[in-house]
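Following: one structure in structure tokens, then a few remarks.
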Amino acid sequence: MANQNENLDVSAKSVEEAIEIGLAELGLTRDEVDIQILNEGKRGLFGIGSEEATVRLSVRSQGQPPAPPPEPSTEEPAETAPTASIPETEPAATGTESNGDDAVSLAKKHLENVLQLMGVEATVEVRTAADLVEQDEEPPAVLDITGNDLGILIGRRSETLQALQYMIRLMVSKDTGRWERVVVDVESYRSRRRESLQKMAHRMAERAVANQERVVLESMTPYERRIIHIALRDNPNVYTKSIGRDSNRKVTIIPK
Amino acid sequence: MSSMKELVEYMAKAVVNDPDSVIVREIEGSSATIFELSVKPDDMGRVIGKQGRVANAMRTLLRVAAVKEGKRVTLEIV
């Protein structure tokens with residue numbers, strides 16, 4: 001049940017970018033929210049005198065739960081927002097993306113080659129990850145890397161895993177001509193991380209309510225923040241919003 | 001030829017429009033190995049990415065390979 005009190009304030013370089021980030025975090029499409037522009041922002045010259053644009057997204061209250069987002073995995077909404085002038089490497093997401101069999105087998109081939117060149121001994125298994133998305137979302141194909149001592153492939157704050165997934169997506173997208181959202185995982189790290197984030201979200205929400213104090217979580221990737229927002233979407237006692245910029249964005253849990 | 005050089009070549013060739021123009025030079029320094037990647041001017045954006053995202057992803061993966069070999073590396077796009 002969409003909660004009427006669910007507001008999300010997002011700041012970014014442009015209004016458009018702020019909206020995209022916000023929608024990605026909420027896991028909603030544009031017609032499921034009301035968008036209020038709080039600050040249009042200013043471009044500035046070379047960033048001097050520029051001001052961030054801020055928008056407020058409020059979930060429309062409907063008699064039904066919000067429809068699932070059309071794109072199940074929203075890993076890089078902030079980073080792929082088409083704003084910069086450097087030529088874009090990835091074809092724009094058109095909504096026709098799929099994890100077709102060729103995309104998956106191409107991804108597997110690239111991943112195996114990259115791992116081998118990195119000197120990592122591991123095997124790649126393909127599975128469908130129903131445990132990585134909400135019940136009403138289409139599960140993406142996951143390339144799960146298994147082997148011994150693979151912590152090195154996850155890295156601090158899963159930086160290495162993100163880099164690996166990003167490069168594989170770029171390579172496959174180059175081959176197929178459209179943006180492919182295959183998921184790269186290591187020893188099911190993402191499922192375990194998702195579960196622990198959900199548990200933490202509920203625990204921190206309880207703390208926020210008990211202390212009547214906002215709780216600021218550690219900085220996370222857009223995908224991880226989305227997990228938190230969704231986990232607390234139906235909690236009547238708190239609302240969530242993200243603060244900070246880029247890699248420093250943190251979910252804040254605020255008691256109502 | 002180390003596999004680190006091949007790794008850089010593989011990743012770069014897979015994301016550019018003109019793979020034949022991808023050249024990687026391996027320069028052995030006293031404290032670190034430098035990899036110099038050059039691509040066709042048109043392809044520069046593809047190996048750098050917005051805010052250096054592609055270059056940084058390649059650096060991150062190259063670093064894993066380097067740790068495995070007990071080396072220090074840098075990747076420069078020239």
Odd one out for residue B:26, checked against (1) assigned to a strand (DSSP E or B); (2) closer than 30 Å to residue A:247 by Cα: (2)
Sort out which residues of the range A:109-140 are assigned to a helix (DSSP H, G or I) and either within 14 Å of chain B (Cβ to nearest Cβ) or buried (at least 20 other Cβ atoms within 10 Å of the Cβ) (or both), and write them in order of number. A:109, A:110, A:111, A:112, A:113, A:114, A:115, A:116, A:117, A:118, A:132
Give the residue, chosen from A:193, A:203, A:156, A:181, that is touching an Asp or Glu at 6+ places or on another chain (Cβ under 7 Å) and either on the phi < 0 side of the Ramachandran plot or not assigned by TED's automatic domain parsing to the domain that holds residue A:120 (or both). A:181
Does the range B:1-22 contain at least one residue that is among the hydrophobic types (A, V, I, L, M, F, W, C), within 12 Å of another protein chain (Cβ to nearest Cβ), over 23 Å from residue A:184 (Cα atoms) and in a loop (DSSP other than H, G, I, E, B)? yes
Selected residue (only one of B:39, B:67, B:73, B:54 is among the aliphatic types (A, V, I, L, M) and surrounded by fewer than 19 Cβ atoms within 10 Å (Cβ to Cβ)): B:67
Residue hits (the range A:9-38; buried (at least 17 other Cβ atoms within 10 Å of the Cβ), among the acidic types (Asp, Glu) and modelled with pLDDT under 70) are A:25
Pairs only if they're at least six apart or on different chains, beta carbon under 8 angstrom, first in the range A:228-251 and in contact (Cβ under 8 Å) with a residue 60 or more places away in the chain, second of a type in the set (Phe, Trp, Tyr) and assigned to a loop (DSSP other than H, G, I, E, B); list them, first residue then second. none
Output the residues belonging to the range B:33-78 that are of a type in the set (Gly, Ala, Ser), more than 7 Å from chain A (Cβ to nearest Cβ) and under 20 Å from residue B:3 (Cα atoms). B:38, B:55, B:66, B:70
In the range A:84-106, which residues are modelled with pLDDT of 90 or more and within 11 Å of chain B (Cβ to nearest Cβ)? A:106
Residues of the range A:141-172 that turn out to be of a type in the set (Ser, Thr, Tyr) and within 10 Å of chain B (Cβ to nearest Cβ), as a count: 2
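The values are calculated or read from the model by the stated rules, or taken from the named source; none is laboratory data. Since the structure is predicted, the reported quantities are computational estimates derived from the model, not experimental observations. A quick note on method: Cβ atoms are made from the backbone with ideal geometry, for glycine too, and the neighbour counts reach across all protein chains shown.
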